[in-house]
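S.K.: Questions regarding the structure given below will be posed in turn.
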Amino acid sequence: MAEVKWIKLATQVFDNRKIKQIERMPDGDSIIVVWFKLLCLAGTANKNGMIYLTEEIPYTEEMLITEFNMEQRASTLRLALRTFEQFGMIEIIDNVFYISSWEKYQNVEGLEKIREQTRKRVAKHRYNQKLLDCNVTCNVTSNGDVTHGNATDKDKDKDKEEDKDKRERIDYQQIADMYNNTCVSFPRLKSLSDARKKAIKARLKTYSLANIQTVFEKAEQSDFLKGKNTRNWSANFDWILKDANMAKILDGNYDDSKSISNLNQQEDAFSMLQRMKQEGAFDE
């Protein structure tokens, strides 16, 4: 096996006292989903329950919010982490999240075997790559004519791509003006970088100009997206133009009625967590 594609769960997982307590909480189902996602991240990291993006970059709360696509429910993620820490399900050591008792959820010995296989595979790949680089260097003189031919082909491909761009000319400034004229409560868009043009081009493959205008209008009408939330966070052009976020805005996920309801649920959840702590629900 080259990758970790499983975690070990007992069939009685929902009989666990801590899981039952979490199910009683407001938004308990979402908190349990966060728990399983953390287990999957720890399994992917494959390092004694540590949760990280790379070994040099451990996940932070903000990174987990983005990773789990929970920007509009950041309080739920924070409540989940606080609950897991109180229940002894996770530990935070030197600002790094760890799954407690990781051996319960994974065959640690098997994981070490996978890590060793991965190290050997990477070493073999690097060795083969060195051989390939050597062959390319040794044959560069004899392949001069072929290289020239390839360069000519690349020039032709470039010309075709330029012709295609001319046929599919996009008025990027029109989108920028639509945003600036509609989303007056958000940071003004002052420049169109290559990354922004790429995002606009990608969205226009799925959405019409009318759809995009509707997204901007709904964003401007959303108090949540304008900063009225528990994180004092507000959206901007780059965030709004992400494919997943545009879909959620069009679906009404950030309409004021839904946003206010979500905020009230989070406040209820925090109150319940505090009450459970006072009643000794977290005691082993």
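Here, each number is a calculation from the coordinates, and none is a lab measurement. Worth saying up front: this structure is predicted, and the values here are computed from it rather than measured. Glycine also receives a Cβ, built like all others from the backbone with ideal geometry; neighbour counts cover every protein chain displayed.
S.K.: Using the Kirkwood radius over Cα pairs, work out the Stokes-Einstein diffusion coefficient for segment 172-253 at 37 °C and 0.692 mPa s, in µm²/s as a whole number.
M.R.: Working: Rh = 12.8 Å.
Result for D is 257 µm²/s.
S.K.: Test of understanding: ordering 200, 175 by Cβ neighbours within 10 Å, fewest first, what list do you get? Don't jump to the answer; show the numbers that get you there.
M.R.: On the way: 200 20, 175 25.
In order of increasing Cβ crowding within 10 Å: 200, 175.
S.K.: Another question about this same structure. 5 Å is the cut-off here: which amide hydrogens, built 1.01 Å from N in the peptide plane, fall below it relative to residue 50, excluding neighbours closer than 5 in sequence?
M.R.: 99
S.K.: Also, quick follow-up: Taking the simple approach of a point 7 Å from Cα along Cα-to-Cβ for both residue 10 and residue 56, what is their distance in nm?
M.R.: Between residue 10 and residue 56, the label points sit 4.0 nm apart.
S.K.: Also, I was wondering about something else. Across segment 172-253, how many lysine pairs, 8 or more apart or on two chains, come within less than 19 Å at their alpha-carbon atoms?
M.R.: Value for segment 172-253: 17.
S.K.: In nm, to one decimal, how far is the modelled label at residue 126 from the one at residue 193, with both set 7 Å along Cα→Cβ?
M.R.: Using points 7 Å along Cα→Cβ, the separation is 3.2 nm.
S.K.: Please arrange 63, 178 by how many other C-beta atoms lie within 10 Å of their C-beta, fewest to most.
M.R.: Values: 63 14, 178 17.
So the ranking, lowest neighbour count to highest, is 63, 178.
S.K.: On full extension of the chain, what length is gained from residue 104 through residue 211, given 0.36 nm per residue of separation minus the C-alpha to C-alpha distance? Working shown, then result.
M.R.: Values: separation 107, 0.36 × 107 = 38.52 nm, distance 4.82 nm.
So the chain would gain 33.7 nm between residue 104 and residue 211.
S.K.: Ranked by Cβ crowding within 10 angstrom, fewest neighbours first, how are 203, 169 ordered?
M.R.: Working: 203 19, 169 7.
Going from least to most buried by this count: 169, 203.
S.K.: At residue 185 and residue 66, where each label point lies 7 Å from the Cα along Cα→Cβ, what is the point-to-point distance in nanometres?
M.R.: 2.5
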